[in-house]
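Undergrad: So that we are looking at the same thing, I have put the structure below in structure tokens.
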Amino acid sequence: MGDSFADIYGLHRLRNLVAMGEFARRSGIPLVLTPQTIGPFKTRQGRLLGALSVRRADLVLCRDPVSAEVASDLGCKNPILATDVVFALDTPPPQGSYDVLVNVSGLLWNTDSHGPSTDYRSIVRTVVDALRRAGREVTLLAHVLDAPTVDNDVPVVRALGKEWNLQVAIPSGLDQVRSILGGAQLLIGSRMHACLNSLSVGTPAIALAYSRKFAPLLTQLKWPGVVALSSPQAAEQAVELALRGDLAALVPRTRRLADEALGAATAALRDLPLRKS
């Protein structure tokens, strides 16, 4: 079920996720909440829907410790702490050679739903300018497929590439974006799965975090590259992290911890019967 089981993306999406789970459960199929962020729930209806699902689920897998606490608070008796399933994907061969990839989010650039877009635009511009002054070669990366939606990265990346005379990378699918990330020295990403895909293929990533789902997951994996976009020093912190020299050496530890966390999820799934009696 879902990527983030919360109401911050709207109650309509949460209702659909809960309904899908109920259809499966009432058909006699075990209901599993796959590793995802659980919460926050900022509305009464959202909290009630979240509680309904975690209490009725046969297995609740959480991708960070805070989500496990939220699941317990909502009435889940035994949430399993795991991590994101992106770390279970095969690592493709690298495609191309890049210094710093900067993933610009169309969602954050075009809307104020997760913070002022003017602040986000200023942070991105400051980071890119500082990296270029430091002699780093920047390539702009879109991490969603091109589509006629307001949160599409592609138009923003293309426009900024033209404005700044920078190379752009527009992947056609998951395998290609992972291959592109594998060919980079560093990613600075606003999409969480851009950061997770990067780490999972061995490339250090600096997350520009717009919500609660970033920090607990990456902290559990002992990854230091998280910058809260709400911080007044967000741009300076991101540049400082980008220019430090030890991030690449820390990636193997994070991948090892991710593998260990996924082991708990695998064991729990093996013990789950295929169908309810």
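The values are calculated or read from the model by the stated rules, or taken from the named source; none is laboratory data. Just so you know, these numbers come straight off a predicted model, no measurement behind them. Reconstructed Cβ throughout: ideal geometry from the backbone, glycine too, with neighbour counts over all protein chains shown. In case anyone asks, the SASA skips ligands and DNA or RNA and just uses the protein heavy atoms, side chains included. Shrake-Rupley method; radii C 1.70, N 1.55, O 1.52, S 1.80 Å.
Undergrad: Being open to solvent by 30 Å² or more (accessible area, probe 1.4 Å) and in contact with a strand residue (DSSP E or B) (Cβ under 6 Å, 6 or more places away or on another chain) is the filter; apply it to the stretch 211-228 and report the residue that is modelled with the lowest pLDDT.
TA: Per the criteria, the residue is 215.
Undergrad: Give me the pairs: first residue in the stretch 12-37 and open to solvent by 60 Å² or more (accessible area, probe 1.4 Å), second residue among the aromatic types (Phe, Trp, Tyr) and assigned to a helix (DSSP H, G or I), beta-carbon distance under 9 Å, and six or more apart or on different chains, which are they?
TA: Close Cβ pairs satisfying both conditions: 29/23.
Undergrad: Those residues that are among the aliphatic types (A, V, I, L, M) and part of a loop (DSSP other than H, G, I, E, B), I need them from the stretch 56-107; list them, please.
TA: Residues satisfying the conditions are 57, 74, 82, 89, 104.
Undergrad: Being part of a helix (DSSP H, G or I), open to solvent by 40 Å² or more (accessible area, probe 1.4 Å), at pLDDT 95 or above and among the polar types (S, T, N, Q), is that true of even one residue in the stretch 232-250?
TA: yes
Undergrad: Among the residues of the stretch 175-206, which ones are buried (at least 24 other Cβ atoms within 10 Å of the Cβ) and of a type in the set (Ser, Thr, Tyr)?
TA: Residues satisfying the conditions are 190, 198, 200, 203.
Undergrad: Could you run through the stretch 192-217 and say how many residues are among the aliphatic types (A, V, I, L, M) and under 11 Å from residue 87 (Cα atoms)?
TA: 3
Undergrad: Suppose we filter 117, 97 for residues that are in contact (Cβ under 8 Å) with a residue 24 or more places away in the chain and hydroxyl-bearing (Ser, Thr, Tyr); which single one remains?
TA: 97
The rows are residues; the columns are (1) touching a residue at least 12 places away in the same chain (Cβ under 8 Å); (2) over 21 Å from the mean Cα position of the chain (by Cα); (3) surrounded by fewer than 15 Cβ atoms within 10 Å (Cβ to Cβ).
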| position | (1), (2), (3) |
| --- | --- |
| 121 | yes, no, no |
| 153 | yes, no, no |
| 156 | yes, no, no |
| 160 | yes, yes, no |
| 163 | no, yes, yes |
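Undergrad: May I ask you to say which residue of 105, 172, 113 is open to solvent by less than 30 Å² (accessible area, probe 1.4 Å) and hydroxyl-bearing (Ser, Thr, Tyr)?
TA: Step by step, each of 105, 172, 113 is checked, and only 105 is open to solvent by less than 30 Å² (accessible area, probe 1.4 Å) and hydroxyl-bearing (Ser, Thr, Tyr).
Undergrad: Continuing with this model, one more query. Mind counting the residues in the stretch 59-101 that are over 15 Å from the mean Cα position of the chain (by Cα), open to solvent by less than 20 Å² (accessible area, probe 1.4 Å) and within 30 Å of residue 125 (Cα to Cα)?
TA: The qualifying residues number 2.
Undergrad: Which pairs do you get when a residue that is more than 14 Å from residue 37 (Cβ to Cβ), found in the stretch 70-81, comes within reach of a residue that is among the aromatic types (Phe, Trp, Tyr), reach meaning Cβ atoms under 7 angstrom, with the pair 6+ apart or on two chains?
TA: Listed by first residue and then by second, the contacts come to nothing, as the list is empty.
Undergrad: Condition first: of a type in the set (Ser, Thr, Tyr), in contact with a strand residue (DSSP E or B) (Cβ under 8 Å, 6 or more places away or on another chain) and over 23 Å from residue 146 (Cα atoms). Can you find one or more residues in the stretch 77-84 that meet it?
TA: yes
Undergrad: One residue is enough: does the stretch 130-139 have a residue meeting the conditions in contact with a Phe, Trp or Tyr (Cβ under 7 Å, 6 or more places away or on another chain) and either under 16 Å from residue 194 (Cα atoms) or not hydrophobic (A, V, I, L, M, F, W, C) (or both)?
TA: yes
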